[in-house]
Amino acid sequence: VQLVESGGGLVQTGDSLRLSCAVSGSTFAISTMGWYRQAPGKQRELVAAITSGGIVLNYADSVKGRFTISRDKARNTMYLQMTSLKPEDTAVYYCNAAAVNENYWGQGTQVTVSS
């Protein structure tokens, strides 16, 4: 399974951004997918998770009501729509795919929110 993120960038407080994660390879093996983020000096944290069938599992409390995770199986792509961005959302955002006994990561995309 290969994951490639895109859509990051530099935005201002209150702006919106949509991240994409293109999935290729043995996608049939994937059970759940998610977006994680890691800010400088902090541990990587789960932002949102979704099943392979498109059922949203959970959001981090800090992004509830502002971020929306979704998956387009026909395009083999997962999205993270981010609205009302805050400086504390600044981080490298990673796409994750979980299969039996395997965990896959993308290379990450930087999101920077200026105040």
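The values are calculated or read from the model by the stated rules, or taken from the named source; none is laboratory data. On a predicted model such as this, the values are computed, not experimentally measured, just so you know. Positions of Cβ are generated from backbone atoms using ideal geometry, with glycine treated the same way; all protein chains shown enter the neighbour counts. Heavy atoms of the whole protein, side chains included, go into the accessibility calculation; ligands, DNA and RNA do not. Shrake-Rupley method; radii C 1.70, N 1.55, O 1.52, S 1.80 Å.
Brief remarks on what is shown
- Residue in region 2-21 that is farthest from Val47 (Cα to Cα), counting only those that are among the aliphatic types (A, V, I, L, M) and open to solvent by less than 50 Å² (accessible area, probe 1.4 Å): Val11
- Checking each residue of region 58-75 against the condition of being exposed (fewer than 15 other Cβ atoms within 10 Å of the Cβ), touching a helix residue (DSSP H, G or I) at 6+ places or on another chain (Cβ under 8 Å) and of a type in the set (S, T, N, Q) gives at least one match.
- Ala48 vs. criteria modelled with pLDDT of 95 or more, under 12 Å from the mean Cα position of the chain (by Cα), at negative phi and open to solvent by 40 Å² or more (accessible area, probe 1.4 Å): no
- Restricting attention to region 78-97, the residues that are open to solvent by 20 Å² or more (accessible area, probe 1.4 Å) and under 18 Å from Val4 (Cα atoms) total 4.
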